[in-house]
């Protein structure tokens with residue numbers, strides 16, 4: 001009887017251990033997919049409408065998607081400036097998250113020089129914990145300045 005209880009206890013502990021690991025890995029894969037989708041939307045598309053940065057009010061009805069690119073990984077400085085302005089308001093920040101298709105997630109991205117010493121643009125809320133997924137890309141700003149775009153996503 002004692003041996004059977006011991007075996008059952010070991011089984012329960014192992015099941016719990018693998019269940020926690022599986023859930024953690026599943027959550028990480030989901031965050032990774034969201035981070036890849038957000039970085040693709042930001043750095044490979046112009047947004048919808050393509051001139052969204054010139055609109056006075058970024059309302060729920062006027063902008064359908066946020067994109068920063070003139071073409072793949074070539075970022076538009078005006079769009080970066082406009083997105084930086086949207087970082088001031090929590091409601092605008094939430095609207096950007098919705099337009100990127102990531103409700104329930106948080107976002108922080110930086111555009112910095114190739115050495116990582118100077119930040120050119122920044123958007124979002126940095127994670128206070130070390131629980132984010134990070135995607136990095138090489139980009140050009142206005143077809144002249146090479147930079148690193150770093151996207152962090154977390155729940």
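Values quoted throughout were computed directly from the atomic coordinates according to the rules given, and no laboratory measurement underlies them. In this text, all values refer to a predicted model and were calculated from it rather than measured experimentally. Reconstructed Cβ throughout: ideal geometry from the backbone, glycine too, with neighbour counts over all protein chains shown.
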For this session: Only residues that are closer than 15 Å to residue 108 by Cβ and in contact with a helix residue (DSSP H, G or I) (Cβ under 6 Å, 6 or more places away or on another chain): list them for the stretch 69-91, please.
Result: 86
Exercise. Which ones in the stretch 99-137 are free of Cβ contacts under 8 Å to residues at least 12 places away in the same chain and either buried (at least 16 other Cβ atoms within 10 Å of the Cβ) or in a loop (DSSP other than H, G, I, E, B) (or both)?
Worked result: 103, 115, 117, 118, 128, 130
Problem set entry | Of all residues making up the stretch 74-98, the number that are farther than 16 Å from residue 45 by Cα, more than 15 Å from the chain's Cα centre (by Cα) and part of a loop (DSSP other than H, G, I, E, B) | 2
Exercise. Of all the residues that make up the stretch 138-155, how many are within 18 Å of residue 41 (Cα to Cα) and either surrounded by 12 or more Cβ atoms within 10 Å (Cβ to Cβ) or under 13 Å from the mean Cα position of the chain (by Cα) (or both)?
Worked result: 12
